[in-house]
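The values are calculated or read from the model by the stated rules, or taken from the named source; none is laboratory data. Remember, predicted model here, so these are calculated numbers, not experimental data. Ideal geometry is used to build each Cβ from the backbone, glycine not excepted, and the neighbour counts take in all protein chains shown.
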Amino acid sequence: MATQSSRTAARLMLSPTVILLLIWMIVPLAMTLWFSFQRYNLLYPDRAGFIWFGNYVNFLATPAFVGAIFNTLILVGGVLAITVILGIAIALLIDQPIWGQGVVRILVISPFFIMPPVAALIWKNMFMNPTNGLFAEAAKFIGLAPFDFLGQAPLASIILIVAWQWLPFATLILLTALQSLSSEQLEAAEMDGAPAFSRFRHIILPHMARAITVVVLIQTIFLLGIFGEILVTTNGGPGTASTTLPYLIYKEALLDFDAGTAAAGGVVAVILANVVAFFLMRAIGKNLDA
Amino acid sequence: MARTTSIQRKSLTTAAAWAVALLLFFPILWTFLTAFKPEPQAVASPPIFLGFDWTLQNFIDVNEQRDYFRYFVNSIIIALGSTALGIALAVPAAWSMAFVPGARTKDLLMWMLSTKMMPAVGVLVPIYLMFNWLGLLDSRIGLTVILTLMNLPIIVWMLYTYFKEIPGEILEAARMDGASLRNEIIHVLTPMALPGIASTVLLNIILAWNEAFWTINLTVTDAAPLTKFIAGFSSPQGLFYAKLSAASTLAIAPILIMGWFSQKQLVRGLTFGAVK
């Protein structure tokens with residue numbers, strides 16, 4: 001059993017991490033809240049003062065705000081739908097007995113390690129560019145007019161890029177869950193004559209349920225913050241067609257220098273993320289007991 | 001699976017799996033290939049797959065014209081620095097939570113995780129202003145600290161799940177033999193925990209290397225890492241696909257290789273132990 005002195009030592013070893021994280025959590029958040037009630041433009045630092053909810057009114061009244069919320073939700077929802085559905089399909093496929101499974105795994109997981117600006121620029125220039133991207137070449141080859149992906153369908157194109165980055169994550173986690181499924185149960189079901197689809201529906205899918213939940217929640221946390229991909233592909237445009245909440249806040253803060261309004265936007269983003277986080281924490285916390 | 005499968009079926013699924021894998025990998029492969037093309041051939045129509053004039057010129061150009069190496073060094077310093085700092089803080093913390101758990105250890109772990117839920121944009125304004133006041137904008141130290149704090153919860157969690165699997169009796173025995181706490185950690189715990197620490201280090205380097213919000217917004221040139229360097233290619237400046245590809249290849253190759261080595265442990269780290 002732990003002695004009193006080792007308990008004290010343990011608390012001492014824990015404290016630097018706890019204190020740092022406490023500061024990291026409280027100080028910036030408190031400052032964001034503070035600035036969100038201040039008139040504060042970096043270009044006119046002397047015109048400062050308390051303005052109650054003025055910044056929130058400003059931010060919510062920004063013409064791009066409603067669109068940004070929708071764009072954020074479409075981006076998150078679109079990527080989730082693609083990655084979860086294809087992730088299950090690919091995990092099921094790779095889990096079959098195949099030759100070169102190790103190499104296949106490595107190839108499938110690779111896009112996850114590509115830094116966001118690289119991934120976005122590869123797709124933007126070498127694939128989606130309407131004059132000399134590979135998609136345009138393919139269109140010309142089969143006699144179609146090239147399509148200006150990021151100009152005509154900016155949000156859908158960004159969803160495609162982000163889904164490519166996150167599909168490996170979903171696949172890898174779902175595959176891990178799949179591999180922990182006991183084969184006896186499946187074999188028994190097969191003996192009993194259960195067709196493939198009902199084996200999937202009644203054995204495999206319930207077994208993967210927790211992993212799917214985890215994939216959805218963790219991806220949501222990251223996807224709500226997608227920024228680099230938008231910055232290097234469309235800059236939120238054309239117009240505000242691909243402006244999401246994080247990009248809108250970035251624009252207020254570092255392009256328009258309106259720190260107050262950006263801080264109000266930050267508070268909105270924090271609230272949105274916390275709603276998701278609440279469910280994620282419950283899912284992970286439950287597992288901690290098991 | 002122990003089921004016997006016909007060769008035909010295995011061939012079919014193998015072909016399908018390889019097709020999917022190659023499709024997903026193709027953008028990366030295409031980037032690698034384009035990196036070795038002369039600029040005019042990089043945008044040739046129809047595209048040239050392998051039969052181009054292989055050259056290393058792009059790698060030389062990227063370094064000489066755009067000072068690639070400086071960004072590369074910044075990336076290394078920031079990724080390794082934040083990982084070293086994070087490990088130094090997290091090993092003792094995870095150790096104490098795994099082996100001397102208190103009544104509130106679980107709450108503490110969940111709270112640490114919750115700090116990770118904070119969206120970066122939510123605190124962009126205060127961090128930017130604080131950095132501005134403290135003169136930390138565009139400094140490697142500032143960026144290293146931010147990335148350490150950002151990834152600290154993940155490191156603690158990952159180490160905690162590994163430490164949890166070390167049998168406590170071994171530590172008891174060492175203590176009986178009169179080992180001090182310090183010796184216990186250095187000579188008993190560390191060797192057993194090394195594989196877990198190694199994969200935590202790898203995952204954290206990957207995360208820090210690819211971080212693209214703070215590294216882009218808090219740097220200009222001096223401390224700018226590769227994320228910022230690559231983002232600089234977003235404005236078109238004539239023919240540059242081959243150079244973009246060369247820069248991208250250099251930026252992603254080391255991480256890709258590290259990722260391949262750590263992919264088995266990755267799941268645990270990325271799901272906070274929820275899927276093993």
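Taken as a whole, the condition of being of a type in the set (S, T, N, Q) and not in a helix (DSSP H, G or I) does not apply to B:THR13. Restricted to region B:98-110, and to residues there that are farther than 17 Å from B:GLY269 by Cα and among the hydrophobic types (A, V, I, L, M, F, W, C), the residue that is modelled with the highest pLDDT is B:LEU108.
Please verify whether B:ALA90 is hydrophobic (A, V, I, L, M, F, W, C) and more than 7 Å from chain A (Cβ to nearest Cβ), treating the condition exactly as stated. I'd like the intermediate steps shown before the answer.
Details: hydrophobic (A, V, I, L, M, F, W, C): yes; more than 7 Å from chain A (Cβ to nearest Cβ): no.
Considered against the rule, which asks whether it is hydrophobic (A, V, I, L, M, F, W, C) and more than 7 Å from chain A (Cβ to nearest Cβ), B:ALA90 comes out as no.
Looking only at region B:206-217, residues that are farther than 14 Å from B:GLN265 by Cα and β-branched (Val, Ile, Thr) come to 2 in all. Checked against (1) of a type in the set (A, V, I, L, M, F, W, C); (2) in a helix (DSSP H, G or I); (3) surrounded by fewer than 19 Cβ atoms within 10 Å (Cβ to Cβ); (4) in contact (Cβ under 8 Å) with a residue 60 or more places away in the chain, B:ALA242 passes all but condition (3). Only a single item in (1) over 27 Å from the mean Cα position of the chain (by Cα); (2) at the interface with chain A (Cβ under 8 Å from one of its Cβ atoms) is not met by B:GLY122, and it is number (1).
Among the listed residues B:ALA212, B:ALA223, which satisfies the condition of being crowded, with 20+ Cβ neighbours inside 10 Å, assigned to a loop (DSSP other than H, G, I, E, B) and within 16 Å of the chain's Cα centre (by Cα)? Break it down into steps so the answer makes sense when it comes.
On the way: B:ALA223 fails: within 16 Å of the chain's Cα centre (by Cα).
None of the others qualify; the one that does is B:ALA212.
Listed by first and then second residue, the pairs with beta-carbon distance under 6 Å, at least 6 apart or on different chains, first residue in region A:1-22 and within 14 Å of B:PRO153 (Cα to Cα), second surrounded by 16 or more Cβ atoms within 10 Å (Cβ to Cβ) and of a type in the set (Ser, Thr, Tyr), are A:LEU14/B:SER96; A:LEU21/B:THR115. Regarding region A:210-227, can at least one residue be identified that is surrounded by 15 or more Cβ atoms within 10 Å (Cβ to Cβ), touching a Ser or Thr at 6+ places or on another chain (Cβ under 6 Å), closer than 27 Å to A:ASN274 by Cα and of a type outside the set (Phe, Trp, Tyr)? There is at least one residue in region A:210-227 that is surrounded by 15 or more Cβ atoms within 10 Å (Cβ to Cβ), touching a Ser or Thr at 6+ places or on another chain (Cβ under 6 Å), closer than 27 Å to A:ASN274 by Cα and of a type outside the set (Phe, Trp, Tyr).
Sort through A:LEU121, A:LEU160, A:LEU172 and tell me the only one that's facing chain B (nearest Cβ under 8 Å) and either farther than 22 Å from B:LEU244 by Cβ or surrounded by fewer than 19 Cβ atoms within 10 Å (Cβ to Cβ) (or both).
Exactly one residue qualifies, and that residue is A:LEU172.
Among the conditions (1) over 27 Å from B:ALA44 (Cβ atoms); (2) within 11 Å of chain B (Cβ to nearest Cβ), the only one that A:ASN132 does not satisfy is (1).
Of all residues assigned to region A:36-54, none qualifies as being in a helix (DSSP H, G or I), facing another protein chain (nearest Cβ under 8 Å) and buried (at least 18 other Cβ atoms within 10 Å of the Cβ). Please indicate, with yes or no, whether at least one residue in region A:262-273 is touching a residue at least 60 places away in the same chain (Cβ under 8 Å), facing chain B (nearest Cβ under 9 Å) and not in a helix (DSSP H, G or I). No - not one qualifying residue is present in region A:262-273. Just one residue in the set A:VAL76, A:VAL84, A:VAL108 is surrounded by 16 or more Cβ atoms within 10 Å (Cβ to Cβ) and either within 7 Å of chain B (Cβ to nearest Cβ) or not in a helix (DSSP H, G or I) (or both); that residue is A:VAL108. Just one of the listed residues (B:SER235, B:SER262) is over 30 Å from A:GLN101 (Cβ atoms), surrounded by fewer than 23 Cβ atoms within 10 Å (Cβ to Cβ) and polar (S, T, N, Q), and it is B:SER235.
Helices (runs of 4 or more DSSP H) fully within region A:141-193 that include at least 3 residues being in contact with a Ser or Thr (Cβ under 7 Å, 6 or more places away or on another chain) and closer than 11 Å to A:THR83 by Cα: A:154-179.
Can you tell me which of B:ARG3, B:ARG9 is within 11 Å of another protein chain (Cβ to nearest Cβ), closer than 30 Å to A:GLN101 by Cα and modelled with pLDDT under 85? Write out each step before concluding.
Numbers: B:ARG9 fails: modelled with pLDDT under 85.
Answer to the check: B:ARG3.
Scanning region B:16-64 for residues that are buried (at least 17 other Cβ atoms within 10 Å of the Cβ), over 19 Å from A:TRP123 (Cβ atoms) and within 11 Å of chain A (Cβ to nearest Cβ) yields a single hit, B:ALA17.
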